[in-house]
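Read the structure below first, then the notes.
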Amino acid sequence: MPYIGIVDDNPTALLHMRILLERAGFPDVRTHTDPRASLAAFKLEPPSVLLVDYLMPGLDGIELLGQLQEAGATLHTPVAMVSGAEDLESMRLCAYRAGAIEVLAKPVNPQEFTLKVRNLARLSTVPLHGRFQADFSPLVVPRSSRAPSAKTGAQRDDVPMLRMLEKVAAFRDDRTGKHTTRMAFYAAAIAHSYGLSIAQQDQLMEAAPLHDIGNIACTDAVLLKGETLDGESRLAMEGHTTTGYELLRDSPSVAMQLAAEIALTHHERWDGSGYPLGLAGEHIALSGRIVAVADAFDGMTTVRPYEPQWLAERARRVIKSQSGSAFDPAVVDAFDAAFDSLLRIKRHFDGGEVFAAIPSSTH
Ligand SMILES: [Fe+2]
């Protein structure tokens with residue numbers, strides 16, 4: 001099957017490029033962190049388009065292209081070389097000489113990157129199939145169209161699967177079993193205050209409980225340590241975002257796709273210092289920006305093994321103080337405006353009453 005091949009020793013950069021291309025509609029994107037392993041794979045089955053990092057240990061991008069050319073594996077494959085901005089000028093001519101027809105700077109600009117790859121795909125003699133969307137990726141929703149597209153909530157067929165996965169996610173929740181549901185109510189109330197439609201609030205409500213489903217791959221030791229992690233334990237904990245995304249991304253269901261987007265982006269920070277991709281500003285999906293605030297509020301106002309419970313008003317002040325650094329200022333404004341609704345939701349859950357719908361005051 002025709003596919004796009006990417007080789008980069010940096011797994012985060014690799015994941016970012018793969019996600020952008022998958023979101024853009026390319027159906028088969030195969031990635032390699034080890035250039036030598038990629039060489040063997042590409043000789044066996046040449047890609048339709050190839051993206052190669054310039055600086056890699058063992059075998060750099062120029063050497064890799066040379067060896068592929070020698071083997072005749074890239075005769076019909078448009079190639080782009082990808083590189084950090086600091087190396088760009090010095091490598092440009094070497095890249096063209098090695099057969100690259102495009103040179104791309106890292107970190108890639110999402111929209112420019114997907115458009116350039118689309119143009120490369122058009123040059124390929126092995127056409128890629130798929131529904132490429134040139135100007136829309138949920139990870140780069142522009143301000144003017146920042147709301148998710150108006151689709152209805154989960155289709156009926158999705159509901160049992162969503163509920164089942166919600167229970168799976170709740171098993172790994174070390175606070176109370178109610179966290180995932182309560183957080184989804186907070187997210188829907190913030191979405192309402194932000195100006196999203198009722199259908200969009202419903203979508204968020206369905207998908208948000210799965211934000212931490214990737215925790216099923218974390219050990220208890222990592223999960224219960226909470227914020228005090230370092231080194232490998234921190235990396236393992238941060239991996240719950242990409243694990244959740246990988247678990248959910250293959251479903252054609254709109255609700256699952258949204259859940260995958262939330263799982264991936266709910267720990268990104270507005271200033272670009274979050275994880276796993278270090279996306280900044282509106283490059284972070286709106287759903288993830290909303291869930292980040294809802295999750296933070298719930299985390300601060302819930303008793304956890306590693307942190308005392310905060311009063312809601314204090315949590316409100318802290319979240320507002322992180323507007324523009326951790327959180328999207330527009331989402332924080334929506335959170336602030338919805339604060340009374342959030343308190344009502346919290347009281348319902350604290351009292352043990354779980355309601356079946358968002359309180360009418362939030363609609
Ligand atoms: Fe999380």
Fill in the blank from the handout: Pairing a residue in the stretch 257-277 that is open to solvent by 50 Å² or more (accessible area, probe 1.4 Å) with any residue that is aromatic (Phe, Trp, Tyr) and more than 11 Å from the ligand (Cβ to nearest atom), where Cβ atoms lie under 8 Å and the two sit 6 or more apart in sequence or on different chains, gives 269/327; 270/327
Handout entry: Residue within the stretch 75-88 that is touching a residue at least 40 places away in the same chain (Cβ under 8 Å) and part of a helix (DSSP H, G or I) present
Key = no
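Out of all the residues in the stretch 13-24, which are touching a helix residue (DSSP H, G or I) at 6+ places or on another chain (Cβ under 9 Å) and open to solvent by 10 Å² or more (accessible area, probe 1.4 Å)?
Going residue by residue through the stretch 13-24, those that are touching a helix residue (DSSP H, G or I) at 6+ places or on another chain (Cβ under 9 Å) are 15-17, 19-21, 23-24.
Correct list: 15, 16, 23.
Working carefully through the options 264, 248, find the one that is away from the ligand (no atom under 13 Å from the Cβ), touching a helix residue (DSSP H, G or I) at 6+ places or on another chain (Cβ under 9 Å) and either more than 20 Å from residue 18 (Cα to Cα) or not assigned by TED's automatic domain parsing to the domain that holds residue 111 (or both). Can you show your working first?
Details: 264 fails: away from the ligand (no atom under 13 Å from the Cβ).
Every option except 248 fails the conditions.
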Completion exercise
Those helices (runs of 4 or more DSSP H) completely within the stretch 235-353 that have 3 or more residues that are touching a Gly at 6+ places or on another chain (Cβ under 6 Å) are 254-265
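For residue 327, indicate whether it is in contact (Cβ under 8 Å) with a residue 40 or more places away in the chain and either farther than 21 Å from residue 210 by Cα or within 16 Å of the ligand (Cβ to nearest atom) (or both). Full working, then the answer.
On the way: in contact (Cβ under 8 Å) with a residue 40 or more places away in the chain: yes; either farther than 21 Å from residue 210 by Cα or within 16 Å of the ligand (Cβ to nearest atom) (or both): yes.
For residue 327, the condition - in contact (Cβ under 8 Å) with a residue 40 or more places away in the chain and either farther than 21 Å from residue 210 by Cα or within 16 Å of the ligand (Cβ to nearest atom) (or both) - is met.
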Exercise for the section: Keeping to the stretch 17-49, report how many residues are in contact (Cβ under 8 Å) with a residue 60 or more places away in the chain and assigned to a helix (DSSP H, G or I). Expected result: 6
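The values are calculated or read from the model by the stated rules, or taken from the named source; none is laboratory data. If you're wondering where the values come from, they're calculated on a predicted model, not measured in any experiment. Reconstructed Cβ throughout: ideal geometry from the backbone, glycine too, with neighbour counts over all protein chains shown. Areas reflect the complete protein model, heavy atoms only, side chains present, ligands, DNA and RNA absent. Shrake-Rupley method; radii C 1.70, N 1.55, O 1.52, S 1.80 Å.
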